[in-house]
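Novice: Have a look at this one before I ask anything.
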Amino acid sequence: MLALIDAATAHLQQAEVEGATEKLAPVLALPGEQRLETFAQRLAEMRDVLRRCRHATSRSSIELQQKVEEFRAGALGPHLSRRPSAIDRTAAGRTTRAARRPATALEVTTVTPRA
């Protein structure tokens, strides 16, 4: 998958937005559980190249940027995961400190029950 992202970036460096979109199709189609943070970070770098290319404001470029953002929003990782639920409780029913304050979009709370 990283090779496809790199190939898409190479297309963008040549101002070939359609070629980049074609290369990214399999990456962007990955289900949520396979959207690794590594892919999301590399796509963010590629998106930055896209924003700097001469076709940055074209319809195809804007659509590709939106697809990258959608991918990143569903990616797995400490800063890219979906927003945690409002209340996270341990097995014993205790509320964690993180759950007592409002969660931010960039926050992930993991609670491991005590044995």
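Novice: Consider region 12-50. How many of its residues are over 16 Å from M1 (Cβ atoms) and over 17 Å from the mean Cα position of the chain (by Cα)?
Specialist: Applying the first criterion (over 16 Å from M1 (Cβ atoms)) to region 12-50 yields 12-19, 48-50.
Still in the list and also over 17 Å from the mean Cα position of the chain (by Cα): 12-19.
Matching residues across region 12-50 total 8.
Novice: Scan region 89-99 and tell me whether some residue there is surrounded by fewer than 16 Cβ atoms within 10 Å (Cβ to Cβ), modelled with pLDDT of 80 or more and in a helix (DSSP H, G or I).
Specialist: Among the residues of region 89-99, not one is surrounded by fewer than 16 Cβ atoms within 10 Å (Cβ to Cβ), modelled with pLDDT of 80 or more and in a helix (DSSP H, G or I), which makes the answer no.
Novice: Let me ask something else. Which is of a type in the set (V, I, T), modelled with pLDDT under 90 and in contact with a helix residue (DSSP H, G or I) (Cβ under 8 Å, 6 or more places away or on another chain), of T109, T104? Can you show your working first?
Specialist: Values: T104 fails: in contact with a helix residue (DSSP H, G or I) (Cβ under 8 Å, 6 or more places away or on another chain).
Only one candidate qualifies: T109.
Novice: Sticking with this structure for a sec: Could you tell me how many of the residues in region 24-39 are assigned to a helix (DSSP H, G or I) and surrounded by 20 or more Cβ atoms within 10 Å (Cβ to Cβ)?
Specialist: Step one: list which residues in region 24-39 are assigned to a helix (DSSP H, G or I), which gives 24-28, 32-34, 37-39.
Of the ones still in play, those that are also surrounded by 20 or more Cβ atoms within 10 Å (Cβ to Cβ) are 24, 27, 39.
Looking only at that region, the number is 3.
Novice: Can you find a residue in region 1-20 that is crowded, with 20+ Cβ neighbours inside 10 Å, assigned to a helix (DSSP H, G or I) and of a type in the set (S, T, N, Q)?
Specialist: At the first step, the residues of region 1-20 found to be crowded, with 20+ Cβ neighbours inside 10 Å are 5, 8-9, 11-12, 17, 20.
Still in the running and assigned to a helix (DSSP H, G or I): 5, 8-9, 11-12, 17, 20.
Applying the additional criterion that residues be of a type in the set (S, T, N, Q) yields 9.
Looking for residues that are crowded, with 20+ Cβ neighbours inside 10 Å, assigned to a helix (DSSP H, G or I) and of a type in the set (S, T, N, Q), one finds at least one in region 1-20, hence yes.
The values are calculated or read from the model by the stated rules, or taken from the named source; none is laboratory data. In this text, all values refer to a predicted model and were calculated from it rather than measured experimentally. Cβ: placed from backbone, ideal geometry, glycine included. Neighbour counts: every protein chain shown.
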